[in-house]
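The values are calculated or read from the model by the stated rules, or taken from the named source; none is laboratory data. Treat the numbers as computed from the prediction; the structure is a model and nothing was measured. So basically every Cβ, Gly included, is an ideal-geometry build from the backbone, and we count neighbours across all protein chains shown. The area values use the complete protein model at the heavy-atom level, side chains included, leaving out ligands, DNA and RNA. Shrake-Rupley method; radii C 1.70, N 1.55, O 1.52, S 1.80 Å.
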Amino acid sequence: QVQLVESGGGLVQAGGSLRLSCAASGRTFIRYAMGWFRQAPGKEREFVAAIRWSGGNSVYADSVKGRFTISRNNVVNTVALQMNSLKPEDTAVYYCAADASTALHVHAWEYDYWGQGTQVTVSS
């Protein structure tokens with residue numbers, strides 16, 4: 001079992017930055033690939049970024065590539081999403097997710113555990 005709690009969301013102007021954090025509980029955190037997803041009002045949940053358990057490989061959605069960076073710290077069981085050059089279209093609830101697979105998955109249905117989400121609002 002893995003429990004996930006996100007933090008760091010808020011209101012920021014376009015061009016600004018935010019850093020989201022996800023704290024995981026559970027002794028097997030190191031075994032899980034971790035991902036970030038987001039969901040805007042009236043839209044489906046979409047993939048943002050994912051990172052392997054080792055932290056050695058990551059993958060990003062084209063819409064955030066070059067602006068967002070995912071990282072993890074297996075000592076303190078956290079995964080972070082650094083978001084730079086934010087745009088109004090980045091506005092959404094952001095979710096942290098854990099995947100027991102060794103692969104890097106980009107579909108929400110492939111993830112096993114989810115946090116409650118944190119709101120990110122980017123004003124123009």
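Give just the number: which of (1) at pLDDT 95 or above; (2) surrounded by 14 or more Cβ atoms within 10 Å (Cβ to Cβ) does residue 74 not satisfy?
Answer for residue 74: the failing condition is (1).
Could you check segment 82-103 and list, in sequence order, the residues that are within 18 Å of residue 4 (Cα to Cα), open to solvent by 30 Å² or more (accessible area, probe 1.4 Å) and not hydrophobic (A, V, I, L, M, F, W, C)?
82, 95, 101
Quick test of your reading of the structure: residue 55 fulfils all but one of (1) touching a Lys or Arg at 6+ places or on another chain (Cβ under 6 Å); (2) farther than 16 Å from residue 122 by Cα; (3) touching a residue at least 24 places away in the same chain (Cβ under 8 Å). Name the failing condition by number.
Residue 55 satisfies all of (1) touching a Lys or Arg at 6+ places or on another chain (Cβ under 6 Å); (2) farther than 16 Å from residue 122 by Cα; (3) touching a residue at least 24 places away in the same chain (Cβ under 8 Å) except (3).
Based on what the data block shows, is residue 116 out of contact with any strand residue (DSSP E or B) (no Cβ under 6 Å at 6 or more places or on another chain) and either closer than 18 Å to residue 22 by Cα or at pLDDT below 95 (or both)?
Here the answer is yes, as residue 116 does meet what is asked.
So which residues in segment 24-41 are farther than 16 Å from residue 52 by Cα, part of a strand (DSSP E or B) and at pLDDT below 95, if there are any at all?
25 - this is the single residue of segment 24-41 that is farther than 16 Å from residue 52 by Cα, part of a strand (DSSP E or B) and at pLDDT below 95.
For segment 51-67, does any single residue satisfy the condition of being crowded, with 16+ Cβ neighbours inside 10 Å, within 14 Å of the chain's Cα centre (by Cα) and of a type in the set (D, E, K, R)?
Scanning segment 51-67, I find at least one residue that is crowded, with 16+ Cβ neighbours inside 10 Å, within 14 Å of the chain's Cα centre (by Cα) and of a type in the set (D, E, K, R), so the answer is yes.
Within segment 1-23, track down each residue that is more than 23 Å from residue 62 (Cα to Cα), in a loop (DSSP other than H, G, I, E, B) and open to solvent by 50 Å² or more (accessible area, probe 1.4 Å).
Within segment 1-23, 1 is the sole residue that qualifies.
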